[in-house]
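Student: So that we are looking at the same thing, I have put the structure below in structure tokens.
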Amino acid sequence: MIVDDQDIIRAGLAAIVGAPEDLEVVAQAADGFEALQTLATTAVDVLLVDLRMPGIDGVETVRRVRLLRPAAELGILVVTTFDEDENVLRALRAGADGFFSKSASPAEIADGVRRVAAGGRALSDHAVGVVVDHVADDRGVVIDRAVADLVATLTPREREIVEAIVSGLDGATIAARLHLSPFTVKTHANRAMAKVGATDRGQLVSLAVRAGILPS
């Protein structure tokens, strides 16, 4: 279900999400109240929600939806123009599973829906950076030895790429800095994710930080 107060944005997102054969838009809502009413009668796997809406805003909508539907039953992906750092943290704290700017490509949004539907996280590079900076600033963070042991199994190149990802660099930038192809960077990142048990980039960053890898 797509929740956005602007008709043209809602229609655009519906076209993006409805295009792949494996995805289907089953409902739309113009605000949080309508979304909550629709959820009571419609089977929905993923909620795409904007932040700025009349009535109750996106963060409050996420919070109220989470009281009714846990993450195991419903994935929530925030797609908004207002991607300031505080909005990222507020949305994730309220229970969102993902966060993208509306400037994300159709492929990124569709892939985000799939990740969230599968129970994973879907975060833009900017959102990942916000989360990492927030965790790094938290003096209460303690290294998780079990996770650190998994990270220790990475090859030097895999760790180098993970460290670059934690620092907020995208694949193209990492490839240029390390004189590698983007495909090679992606391959090393995927191998690193497999070794530490991460299902996506956001979880990889979270595990790396827990192992003591902080942004440079």
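Student: Net charge near Glu24: determine it from the other residues with C-beta under 14 Å of the C-beta of Glu24, scoring Lys and Arg +1 and Asp and Glu -1.
Tutor: -2
Student: A further question on this structure: Considering only protein heavy atoms and a 1.4 Å probe, what is the carbon-and-sulfur percentage of the accessible area of the chain?
Tutor: Carbon-and-sulfur percentage of accessible area, whole number: 53.
Student: Semi-axes of the equivalent ellipsoid of the chain: what are they in whole Å, largest first, if each equals the square root of 5 times a C-alpha gyration tensor eigenvalue?
Tutor: The answer is 32, 18, 15 Å, longest axis first.
Student: Just to confirm a number: summing +1 for Lys and Arg and -1 for Asp and Glu over residues other than Leu169 whose beta-carbon lies under 12 angstrom from that of Leu169, what do you get?
Tutor: Computed value for this residue: -2.
Student: For Leu207, what is the net charge nearby, where nearby means another residue's Cβ is under 15 Å from its Cβ and Lys, Arg count +1, Asp, Glu -1?
Tutor: Result for the neighbourhood of Leu207: +2.
Student: With no solvent and one point per C-alpha, what does the Debye sum give as log10 I(q)/I(0) for the range 1-127 at q = 0.22 Å⁻¹?
Tutor: Taken in order of the listed q values, log10 I(q)/I(0) reads -1.42.
Student: On average, how much accessible surface per residue is there in the chain, in Å², for a 1.4 Å probe, leaving out ligands, DNA and RNA?
Tutor: Per-residue accessible area for the chain comes out at 50 Å².
Student: Let me check against my output: what whole-number percent is the relative contact order of the chain, with C-alpha pairs under 8 Å and at least 6 apart?
Tutor: Relative contact order for the chain comes out at 16 percent.
Student: I'd like the accessible area for Glu86, computed on protein heavy atoms only with a 1.4 Å probe and all protein chains in place. Round to 10 Å², please.
Tutor: About 100 Å², rounded to the nearest 10.
The values are calculated or read from the model by the stated rules, or taken from the named source; none is laboratory data. Only a predicted model underlies this, so the values are computations on that prediction, with no experimental measurement involved. Note: ideal-geometry Cβ built from the backbone for every residue, glycine included; neighbour counts use all protein chains shown. Ligands, DNA and RNA are stripped out before the accessible areas are found, and what is left, the full protein with its side chains, is counted by its heavy atoms. Shrake-Rupley method; radii C 1.70, N 1.55, O 1.52, S 1.80 Å.
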